[in-house]
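Below: the structure, in structure tokens.
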Amino acid sequence: MEIKVPSSWDEVSIKQFEQLMVHSNNENLTIAEREMFIISTLTGLNPKEVRDLDAPSFQRISNTLGFLGSPVPKRMPKDKITINGSEYHVDLYPKNFSAGQFIDYKTIAASEVDKKSARIIACFLYPEGSQYNDGSYDADFIVNEIYEHLGVPEVTAYSNFFMIQYKAYAEAFLKYSLRQVKKSKVIPKQERKEQITQLKRSIALIRSIGV
């Protein structure tokens, strides 16, 4: 049986990466068990199949996975990308975002949902020749393709790029609200003071969010 083993972060999907984090942070596992589950996650072998490997095969796989000890490479997001053999366009210019894209994007960015990184990227990624949510493709299929097949460096690059856009929007909106509250003549003084304090805290919180 041929065992497919990733040799770089580019061959590790965000789905596999999340599973790796679960195993790596599980303090109930021994070092040997942790290694076995990591190999299982990255090769598709079940834990029993990993245990049944001969020693040279096990060592070969472990050596190939040495890249896990290095940082995920930093990449610049691209407006064209291939995922699982299919070509996709990615909108990277905020001025070109449709209202639908922007609304979906803001909702997901501010929520705790499964496959969050994939869902954020899917707001701006669609098949060549299509437009966002134009009915020519299955949006859930796109999310799963990103989640299961797009390499960690690309996912990180796109997620960071779009979350930076979200932070910029959110901060600009809060600053606008702060100016309006400060200028208001109808909001009672004490209530205006409380709103100003809350808006300043919100701005500080947005600024503190890492990407």
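Of the numbered conditions (1) outside any helix (DSSP H, G or I); (2) surrounded by 15 or more Cβ atoms within 10 Å (Cβ to Cβ), Q19 fails exactly one; give the number of that condition.
That leaves (1) as the condition not met.
Looking at segment 60-116 only, could you name the residues that are open to solvent by less than 90 Å² (accessible area, probe 1.4 Å) and among the hydroxyl-bearing types (S, T, Y)?
Residues satisfying the conditions are S62, T64, S70, T82, S86, Y88, S98, Y105, T107, S111.
Output yes when any residue across segment 89-109 is under 30 Å from R51 (Cβ atoms) and either in contact with a strand residue (DSSP E or B) (Cβ under 9 Å, 6 or more places away or on another chain) or among the charged types (D, E, K, R) (or both), and no when none is.
Checked against the condition, which is being under 30 Å from R51 (Cβ atoms) and either in contact with a strand residue (DSSP E or B) (Cβ under 9 Å, 6 or more places away or on another chain) or among the charged types (D, E, K, R) (or both), segment 89-109 yields no hits at all.
Among L178, L174, L150, L199, which is modelled with pLDDT of 80 or more, buried (at least 16 other Cβ atoms within 10 Å of the Cβ) and either within 31 Å of the chain's Cα centre (by Cα) or farther than 30 Å from S8 by Cα (or both)?
Details: L178 fails: modelled with pLDDT of 80 or more; L174 fails: modelled with pLDDT of 80 or more; L199 fails: modelled with pLDDT of 80 or more.
Of the residues listed, the single one that is modelled with pLDDT of 80 or more, buried (at least 16 other Cβ atoms within 10 Å of the Cβ) and either within 31 Å of the chain's Cα centre (by Cα) or farther than 30 Å from S8 by Cα (or both) is L150.
The conditions are (1) at pLDDT below 90; (2) part of a strand (DSSP E or B), and Q101 fails exactly one of them. Which is it?
Here Q101 clears every test but (2).
Which residues, taken from segment 26-43, are part of a helix (DSSP H, G or I) and open to solvent by 60 Å² or more (accessible area, probe 1.4 Å)? Give the steps one after another, and end with the answer.
Looking only at segment 26-43, we keep the residues that are part of a helix (DSSP H, G or I), and these are 31-43.
I31, A32, E33, E35 - these are the residues of segment 26-43 that are part of a helix (DSSP H, G or I) and open to solvent by 60 Å² or more (accessible area, probe 1.4 Å).
The values are calculated or read from the model by the stated rules, or taken from the named source; none is laboratory data. The structure presented is a predicted model; accordingly, all values stated were derived computationally and were not measured. For neighbour counting, all protein chains shown are included, and Cβ atoms are generated from backbone atoms with ideal geometry for every residue, glycine included. To get the accessible areas, we keep the full protein, side chains included, count just its heavy atoms, and leave off ligands, DNA and RNA. Shrake-Rupley method; radii C 1.70, N 1.55, O 1.52, S 1.80 Å.
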